[in-house]
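Peer 1: Structure incoming, see below.
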Amino acid sequence: MEDVIRLEAERDRIQELEFKELQIEEEVGGRNATGAGSSDDFTFNPILASLHTYLGEVEDTHHRLAFLDGGAVLNLPLFFLEGVVLFPEATLPLRVVQPNFISAVERALVQVESPYIVGVVHAYRDSDSDNRQLRFATVGTTAEIRQYRRLGDGSLNVVTRGQQRFHLKHHWIDVEGMVIPFGEVQIIQEDIPLRTPKDAFGKLPPLSNLRSHRLSCVPPSNSSSLGYGHSDSDSDTNLEESFDSALSSVGMRIHQSALNSCYYGYNAMDESTSSNDCMLISQTEMRSTRSHLSESKGPLYLDTGKNVDKTTSEIGNSSDLAKKGAGSKRCWKNTGLNQFHKAPRAFWPHWVYRMYDSYCLAERAADMWKQVVGAPSMDGLVRKPDLLSFYIASKIPVSEETRQELLEIDGISYRLRREIGLLESFDVVQCKTCKTVIALRSDMLVMSTEGPLGAYVNSHGYVHEIMTLKKANGLALIGQAIVEYSWFPGYAWTIAGCASCETQMGWLFTATKKKLKPQSFWGIRSSQVGDDTRTRF
């Protein structure tokens, strides 16, 4: 009987909530997915949330540590946090109440080797073990203590900022004086953004140098007839000759077919081509390249030689393209050369390099991110692909497991490509336990300058990463609204659980003043969000 009464009460509350949401939608109709409408329908100041004013006054340490060298090994006090994945440049607030962690912060403030630095490692429960044993990730992030305040009860309020990734080599408990979690970490050497090498492509000769300004119906049999290697300097000619001599006979045939296919227009790609075109490659052609790669040792130059084996799985079949070009010779016979901009000197066509050009990928990822959250211009971050990749990874509304995966990816281009794939597949927010769909992609709401997802800490010291939504479904409210210790000034919070499996999903935030808009929104814990695994066609 009590269960029936409780279910009916939950149903009534859900209906009441849905009615309230309808009223809010009517009032602020026309708002986009970010909630960034006119000043009349959005009066909350997002800066307030990013300042973490609920922590009270905190003192600035006035200390900014220079970045540590890649490969450096050092010992750091560690914070193992469940439900949290810290990225470089992301803000992490801490409410330190446990004596051992208070001692860890105090040790960090005075340590000589790396002052004001702690290590943050993602902790998770092993679902495969019977007792769900707590385990720790092997890649974490250093956090610099930017602000802190000691309270009367001895606890600490701390605001930190993510700095650099590290490998956790091993960890232990330091029992000298106080039990402090420590770890030996090695700073990860980050790579530099990949850019299409300038020497890989040369300008075609002037049209006046080519007879009749027309294409011959017979494909060129050597690189010189293509204008291949045309340069004003002897060094470029030497570069081409050394490149050709380095190829095997099989590699030279594939290289020549790539040149021919490019010449027949399949990879004629102007520098002004939009970044969205970078990824529009035929999937059939991309899959069929592996047979050629198994025969050839042709080089793929991408500023660094790392991860070439991963690259080959994405690259198109140049031989197939050549066949298409050969079958279309007649239609190209009377086509002018003004559409062709570059002639390749390298093994792969121009579009292949652009697929892994960090700046091209950064532009594409920024465009997709703006579509999700309606962010303003991100030109500054596009010019710094490494920072952009960490920014999106720290804000993207996916599960904590996927975010940890992003943190562990080495290589800016590979991290950006993974993020682009996630943004393409991101459609819904769903409960991790029962897979109930809670919200849609269009329900994302930015309530902080940190973005739609950020870390907040409650009065008991538990850190929660939450994503903010303008509306949600399938949630039941638990208890009364509370104003104290609100992460969003001017809003009261009420605990919200999944109506299907009763897992705590987050909170409903409701405005305490009528003039404050939005009048309500949801904060959903990322640790309780499951990835959308539905097949996309």
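The values are calculated or read from the model by the stated rules, or taken from the named source; none is laboratory data. What you see is a predicted model; the values in this text were computed from it and never measured. Cβ coordinates were reconstructed from backbone atoms using ideal geometry, including for glycine residues, and neighbour counts include every protein chain displayed. Keep in mind that these areas ignore ligands, DNA and RNA; they rest on the heavy atoms of the full protein, side chains included. Shrake-Rupley method; radii C 1.70, N 1.55, O 1.52, S 1.80 Å.
Peer 1: Are any residues in the stretch 89-100 surrounded by fewer than 23 Cβ atoms within 10 Å (Cβ to Cβ) and not charged (D, E, K, R), and if so, which ones?
Peer 2: Hits for the stretch 89-100 are 91, 93, 97, 98, 99, 100.
Peer 1: Only one of these is closer than 27 Å to residue 381 by Cα, in contact with a Leu (Cβ under 6 Å, 6 or more places away or on another chain) and at pLDDT 85 or above: 51, 68, 92. Name it.
Peer 2: 92
Peer 1: Pairs, please: C-beta under 7 Å, at least 6 apart or cross-chain, first residue touching a residue at least 24 places away in the same chain (Cβ under 8 Å) and in the same structural domain as residue 101 (by the TED database) and in the stretch 149-168, second open to solvent by 30 Å² or more (accessible area, probe 1.4 Å) and hydroxyl-bearing (Ser, Thr, Tyr)?
Peer 2: Correct list of pairs: 156/148; 157/148; 158/148; 167/138; 168/138.
Peer 1: What are the residue pairs meeting all of these: first residue in the stretch 100-126, first residue in the same structural domain as residue 155 (by the TED database) and more than 24 Å from residue 67 (Cβ to Cβ), second residue among the aliphatic types (A, V, I, L, M) and assigned to a loop (DSSP other than H, G, I, E, B), Cβ atoms under 7 Å, and 6 or more apart or on different chains?
Peer 2: Listed by first residue and then by second, the contacts come to 100/178; 100/179; 103/178.
Peer 1: Same structure, new question: Working only within the stretch 426-450, note down all residues that are within 25 Å of residue 500 (Cβ to Cβ) and open to solvent by 30 Å² or more (accessible area, probe 1.4 Å).
Peer 2: 427, 432, 433, 434, 435, 436, 437, 440, 441, 442
Peer 1: Please verify whether residue 143 is buried (at least 21 other Cβ atoms within 10 Å of the Cβ) and at pLDDT below 95, treating the condition exactly as stated.
Peer 2: Criteria not met by residue 143.
Peer 1: Let me ask something else about it. Identify all residues within the stretch 363-384 that are modelled with pLDDT of 90 or more and charged (D, E, K, R); write none if there are none.
Peer 2: Answer for the stretch 363-384, where residues must be modelled with pLDDT of 90 or more and charged (D, E, K, R): 363, 364, 367, 383, 384.
Peer 1: Out of 401, 405, which single residue is surrounded by fewer than 21 Cβ atoms within 10 Å (Cβ to Cβ), outside any loop (DSSP other than H, G, I, E, B) and touching a residue at least 60 places away in the same chain (Cβ under 8 Å)?
Peer 2: 401
Peer 1: Any residue in the stretch 500-513 that's farther than 22 Å from residue 455 by Cβ: show its pairings with residues that are surrounded by fewer than 14 Cβ atoms within 10 Å (Cβ to Cβ) at Cβ separation under 7 Å, as long as the two are six or more apart or on different chains.
Peer 2: Listed by first residue and then by second, the contacts come to 512/483.
Peer 1: Next question. Restricting the search to the stretch 504-537, which residues are modelled with pLDDT under 95 and among the β-branched types (Val, Ile, Thr)?
Peer 2: Matches in the stretch 504-537: 529, 533, 535.
Peer 1: Further, regarding this structure: Condition check: open to solvent by 10 Å² or more (accessible area, probe 1.4 Å), aromatic (Phe, Trp, Tyr) and more than 27 Å from residue 89 (Cβ to Cβ). Does residue 507 satisfy that?
Peer 2: Considered against the rule, which asks whether it is open to solvent by 10 Å² or more (accessible area, probe 1.4 Å), aromatic (Phe, Trp, Tyr) and more than 27 Å from residue 89 (Cβ to Cβ), residue 507 comes out as no.
Conditions tested, residue by residue: (1) modelled with pLDDT of 95 or more; (2) open to solvent by 30 Å² or more (accessible area, probe 1.4 Å); (3) not charged (D, E, K, R).
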residue: 134; (1), (2), (3): no, yes, yes
residue: 162; (1), (2), (3): yes, no, yes
residue: 171; (1), (2), (3): no, yes, yes
residue: 179; (1), (2), (3): no, yes, yes
residue: 187; (1), (2), (3): yes, no, yes
residue: 194; (1), (2), (3): no, no, yes
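Peer 1: Within the stretch 517-529, can one find any residue that is assigned to a loop (DSSP other than H, G, I, E, B) and closer than 25 Å to residue 92 by Cα?
Peer 2: So far as the stretch 517-529 goes, no, none of its residues is assigned to a loop (DSSP other than H, G, I, E, B) and closer than 25 Å to residue 92 by Cα.
Peer 1: Okay, next question. Listed residues 474, 506; which is of a type in the set (Gly, Ala, Ser) and touching a His at 6+ places or on another chain (Cβ under 9 Å)?
Peer 2: 506
Peer 1: Hey, does the stretch 96-111 have a residue that's of a type in the set (D, E, K, R) and at pLDDT 55 or above?
Peer 2: Checked against the condition, which is being of a type in the set (D, E, K, R) and at pLDDT 55 or above, the stretch 96-111 yields at least one hit.
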